1. Checking D9 against (1) closer than 23 Å to D138 by Cα; (2) at pLDDT below 90, which test does it fail?
2. For residues that are crowded, with 16+ Cβ neighbours inside 10 Å and polar (S, T, N, Q), scanning just segment 119-147, find the one that is farthest from E157 (Cα to Cα).
3. Would you confirm whether or not segment 18-35 contains a residue that is assigned to a strand (DSSP E or B) and either open to solvent by 100 Å² or more (accessible area, probe 1.4 Å) or charged (D, E, K, R) (or both)?
4. Please specify each residue of segment 102-151 satisfying the condition of being aromatic (F, W, Y) and modelled with pLDDT of 85 or more.
5. Filter segment 36-66 down to the residues that are assigned to a helix (DSSP H, G or I) and among the polar types (S, T, N, Q), then identify the one that is most open to solvent (accessible area, probe 1.4 Å).
6. Does segment 157-171 include one or more residues that are modelled with pLDDT under 70, assigned to a helix (DSSP H, G or I) and open to solvent by less than 80 Å² (accessible area, probe 1.4 Å)?
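The values are calculated or read from the model by the stated rules, or taken from the named source; none is laboratory data. Please read these numbers as outputs of a predicted model, since none were measured by experiment. Cβ atoms come from the backbone with ideal geometry, glycine included; neighbour counts cover every protein chain shown. Heads up: the accessible areas ignore ligands, DNA and RNA and are worked out on the full protein's heavy atoms, side chains in. Shrake-Rupley method; radii C 1.70, N 1.55, O 1.52, S 1.80 Å.
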Amino acid sequence: MGHKSLFSDHVNIGMNEYIFNIVMSIDECFYLIIAESNPTDGRLDHKRIRIPIENARGLRDALNRSIAKIDKIDRMKFVSRSSLLDNVWRGIENGPAEHKEEPKTELGVKFSKSSNDLLYEEQRKLYPQAYMPWSVDDDERLEKLFCDGINTKELAEIFQRNPGAIRSRIKKLELREKYD
């Protein structure tokens, strides 16, 4: 397929390389192409998917939801990964017996609340978006409002996040370096 490349980025994770390309086809359709290369049995195995650009935001949202689930699984430190997976596959509805608090359900498995979960609940009472992933739209809006001179306290209210989270995101996006 003949196409014109408009954007390209890649990331190496372990032995795998992931490549993200935005291209315009000959018939002027836009696509996000995600390619993976990984060594298998002494050769490189290549896989790729082509996503119409109008579907990219839906893919991003689904990916963010999946990553949020991964983060929740990572926070369940009192249960080993193999035990968690065994419980999920078997459909067991009880977590470890030594926990006495009211159980919560994650991925169809009941677990007791950890101290981190209680912290998250308290933070979300004050800041409903606390610990939620930032979307590309959120980042773009933060950048615009930052450029408009909106202070951290006001940004925290707008985004319903802790002021510390706002400062961290400003630092991660290097907004002070770009606009100060």
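1. In the conditions (1) closer than 23 Å to D138 by Cα; (2) at pLDDT below 90, D9 misses (2) alone.
2. Within segment 119-147, the match that is farthest from E157 (Cα to Cα) is Q123.
3. Within segment 18-35, the first condition is being assigned to a strand (DSSP E or B), and the residues that meet it are 18-25, 30-35.
Retained after the next criterion (residues that are either open to solvent by 100 Å² or more (accessible area, probe 1.4 Å) or charged (D, E, K, R) (or both)): none.
Checking segment 18-35: not a single residue is assigned to a strand (DSSP E or B) and either open to solvent by 100 Å² or more (accessible area, probe 1.4 Å) or charged (D, E, K, R) (or both).
4. Across segment 102-151, the qualifying residues are Y127, W134, F146.
5. Within segment 36-66, the subset assigned to a helix (DSSP H, G or I) is 53-66.
The next check asks that each one be among the polar types (S, T, N, Q); those that pass are 55, 64, 66.
On the way: N55: 82, N64: 37, S66: 60 Å².
Among those residues, the one meeting the criterion is N55.
6. Quick first cut of segment 157-171, residues modelled with pLDDT under 70 only: none.
Taking every residue of segment 157-171 in turn, none turns out to be modelled with pLDDT under 70, assigned to a helix (DSSP H, G or I) and open to solvent by less than 80 Å² (accessible area, probe 1.4 Å).
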